[in-house]
1. Can you give me the angle between helix 506-518 and the longest principal axis of the chain, using Cα atoms only, in degrees from 0 to 90, rounded to the nearest 10?
2. Quick one: of Lys313/Lys700; Lys237/Lys696; Lys648/Lys712; Lys268/Lys327; Lys441/Lys507; Lys173/Lys263, which pairs are farther than 26 Å apart, Cα to Cα?
3. Within segment 48-143, report the chymotrypsin sites (Phe, Trp or Tyr not before Pro) that DSSP leaves as loop and that have at most 13 other Cβ atoms within 10 Å.
4. Return P(r) of segment 550-615 (all Cα-Cα pairs; 5 Å bins starting at 0; whole %; ordered from short to long distances).
5. Heads up, I need the accessible area for Lys313: 1.4 angstrom probe, whole protein in place, Å², nearest 10.
6. What do the square roots of 5 times the Cα gyration tensor eigenvalues come to for segment 108-242, in whole Å, largest first, as semi-axes of the equivalent ellipsoid?
7. Which of Ile240, Trp309, Gln129 sits farthest toward the positive end of the charge dipole of the chain, with +1 on the Cβ of Lys and Arg and -1 on the Cβ of Asp and Glu?
8. Can you tell me the 0 to 90 degree angle between the C-alpha axis of helix 331-344 and the longest principal axis of the chain, rounded to 10?
Amino acid sequence: MGKLDCVRNRCDCCPGFRAKFRPSQDLQLNAWPKPQGADEVDKTTLSEEPVKEDILIIRSIDPCIEENGSNHFTDKYDLMQRKIEPQLVVRRGQPFKIILRLNRKYDHEKDGISFIFTADDEDKTSYGQKTLIAAPLLKKPDKTFIWNTVLDHETESSLHVNILTDPEAVIGKWKLDVDTKKIDGGAYCYCWETAIYLLFNPWCKKDRVYLNSEEWRDEAVLNDTGIIWRGTFNRLKPVIWKYDQFDSNILDCSLYVLHYVGKIRGVKRSDPVQVTRGLAAAVNSADDGGVVMGNWSEDFDEGTPPTEWIGSKEILRRFYKKKKPVKFGQCWVFSGVLTTICRSLGLPTRTITNYSSAHDTQGSLTVDYFLNEEGDLIEDLNSDSVWTFHVWNEVWMCRSDVDEKFDGWQAIDATPQEQSEEKYQVGPASVTAIKHGDVLKPYDNAFVFAEVNADKVYWRYTGPTQPLKLLRKDTNAIGKLICTKAPGLYERLDITHIYKHAEKTLKERHTMLKALQQSKNIFARYYLNEDFNDIHFEFILKDDIKIGDPFSVNLMMTNKSKSNDYTVNVLLRVDVVNYTGNIGETVQKRNFDVVVKADSLHEVSLEVNYFEYAKKLMDQSTFKILCFATVKDTNFDYYAEDDFRVRKPDIKFEIPEAITEGKESIIGVSIENSLPVPMRRGEFTISAPGFDKPLKIRVKSAVPPREKAMVKFSFIPPKKGIYSLAAKFICREMDDCDGYQVISVQYSRVEMNGNAD
C-alpha cells in the first residue's frame, strides 16, 4: 500500500498517532498523546506523555468566500453572505480556492495530505455513485483523478489549495475531511464544519448545462425576479414573480425537494435530465407529497388562493419548515416555484407561457369538441380541453441521452395534468424536437407538441345513431403565442417560432402530418363543411375592457350573393370560464332569426353589463364568447368561439427621486376603483428589497367608484443594485390586481467626516 493510498483510505495499520478533529467537537481515536501544535484538541482528554511525533496539524480552513463567490457567481447566496458561519457555494467543473492554516511548515518529503469529500445527505456513499471522492494534494493536476486538489502556493504556516471538481460531479451539499499523515508515522483528520454546496455550472464548457450566451446566463441563472404572463391571447396580463433563489433556506430546501421528494439520489444528481425530470414531479403534490398542492376550484378557504402569491420564497419556506404541501397553486405557481429551485441549483431556467394551450388527454394530437344543437358542450363526450394560457418551464442542457441535435432548451412542467411513467411530470422535452414533430423522443414530446400545435375540431352530435357533423376544423387555434421574459429587460419575448413553424405554411402542415404518423392513436381526419361561400361571418369582440365596464359581442354577416336573400339563425352566448377551459355559469345568451339581404351587411350584437357578470366571474375574470349560426336551406353551420378577459386596474407606485442603500425610503402605492360600486375591505400585499416576508397593509375605508385606494410603506434597501417592487391588491369585490416597479438603488456616499451627503 502506497503512502497516498494509506492516507486516502484512512488505513489504521500504520503505527503512531491518528486523531480526528472537529472545531466544535474534539474526538480522540486512541490513547496516543497530543501531537505538537494540536492546540485545539481538548487538553483534559489527552495524556501528559511526551510528544512522539510532529504530525502536520490543520488549525483551520479559510473558504475564501469573497474570491470564490465572485469567480463562481455565487456571492448572492445567503449562505455566502452570512456574517456568522458562512458556507461555501461553488459550481462544478471550475476551480475554487481554500487556505489551510497549519501548525508548522508543510514538508513535501515527509507529509502526506488527502482530501475526502462526502455527499452529506447520502445514507451510503460510494466511489461508484460519485458520492465519495478522495483526492491527494498534488503539485499539478492529474487526469487520472476525478477531482483534483492542487497546491497553488505556500507560506510558513499555510497552504493555498485549488480544488477542481468533475464537470459531471454530483450536485448537492458536501462535507470535507482533510487527512494529514507523516510517512511511516501517525495520521490526523480535520473535519471541516463549513459545508461545500456544489451546483451545476452554465459557465463551464464541459458541464452539460453550459450556456454560451452571457445575457441568458445572467437572466436564466442569476436574475431573482421575473415576469409571468397570464390573461388571454388578446389581453395579456404580465405579473411580477419573485424567484428569490439566493435567499435563506432556499438552496437547502431545493436540495431537500430533489433528494427526499424527487428521490433523485447518488449519481443521478449529476445528470440534468434526471434532475429536472425529478423536480417536475416533486414540485406538485399529486403523487409524492411535493411542494405545492393544486386547486382549480373556487374554494381556497383552507389555504392561499393561487393569485395571491407574489413569489416562491414564502411557499418554499413553508414547505421546508413543515414538510407538507403548501396550499394552493395553479400552473404559474408551479412554474414559478420550479424556476426558483432550478436556478438555485445552477440550472439555466426560464418561465414560459403558452396562450390557447391544448390539453390532449388521448394522445391523438387533436382537441375534439362535441356540441348539441344549442351549441352546448356535451360533457360526457368531451375530455380534451384548451387552457386560456398555460405556464411551464424551459431548462437549457445538452441531451446526451438522445442526440446532440436536440440540445438546447428543454420543456419541463410541474403542473399535474397527465401521468408520465406513473408520475405527474412532463419533460425534459426537446423544444427542437417539438418543432420538427419528433414526438417519440423522450420525454413527453407528444404531449407538449399537442399543447402548442394540436388541431381543434368541432362536431355537432345529434344522437348515438346519427352521424357526427363536422362544424369546424381550426388548425390555427392552438399555441397562438408562446412567450417568456426577455433577457435583461422587463419586456415580453415572443418565442413561438422556436416551438413551431408559422401557421398556414407548408412546413407547419408537414410537421403536423409527420407527428400524426408517429402517433399510435391517430384520430380520423375529415373534410370541412360543404362548400358555401355566399355569406361571410366575422366575429368581433372588443379586447380592452376594464372590469366594471359593459362590453358587447358582435357578429357581422356579409351576403356576397347578388340575388339571393338568406335566413340565418344565430346564437350568441357569454359564459364565465376558468383559464383551464372549464365553463361556469352563463352570463347571457340570445337567439336571433334574421334575413340577410342580397349584397348587404347585417350585424347582430349582445350587450353585457357589469351587474350581469360581476357575481359569476371565475378566476382570471375570463369569458368564453360563443357564436353558433345556421344558414337555413343550405345545410351550412358556422361556429366560432373566443376567450375574453376584462382587465383589472393596475397598481401604481410613487417613487422618490433617489433611493439610497441603507437609508429609509417612503413609497406610495395606489389603485383606482374601476367598478360602479365601492371597494370594501381592501388590502395591499407588498414585496420590497430587504423584506424577509411580504408586507400586508389594509385600506382603512371603502373606496368609492373612480377614486383611489392609497397607502404608503417604508423600506431600507440593503445594498446598491437594480431591484423590483411588487404589489397585489384584493378586496371583497375584486381580486388578482397586480403591479410592479423596477427601481435603482444608489450607493450611500459618505464623506470623510462620516456624514452622509
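1. That helix lies at roughly 70 degrees to the long axis.
2. Exceeds cut-off: Lys313/Lys700; Lys268/Lys327.
3. Within segment 48-143, the qualifying chymotrypsin sites (Phe, Trp or Tyr not before Pro) (loop, at most 13 other Cβ atoms within 10 Å) are Tyr127.
4. Reading upward from the zero bin: 4, 15, 22, 17, 15, 10, 9, 6, 3, 0.
5. Ignoring ligands and nucleic acids, Lys313 comes out at about 20 Å².
6. Value: 42, 16, 14 Å, ordered largest first.
7. Gln129
8. Helix 331-344 and the main axis of the chain meet at about 20 degrees.
The values are calculated or read from the model by the stated rules, or taken from the named source; none is laboratory data. Not measured: the values here are computed from a predicted model. Counting neighbours? That spans all protein chains shown, and the Cβs are built from the backbone with ideal geometry, glycine included. With ligands, DNA and RNA removed, areas are computed over all heavy atoms of the protein, side chains included. Shrake-Rupley method; radii C 1.70, N 1.55, O 1.52, S 1.80 Å.
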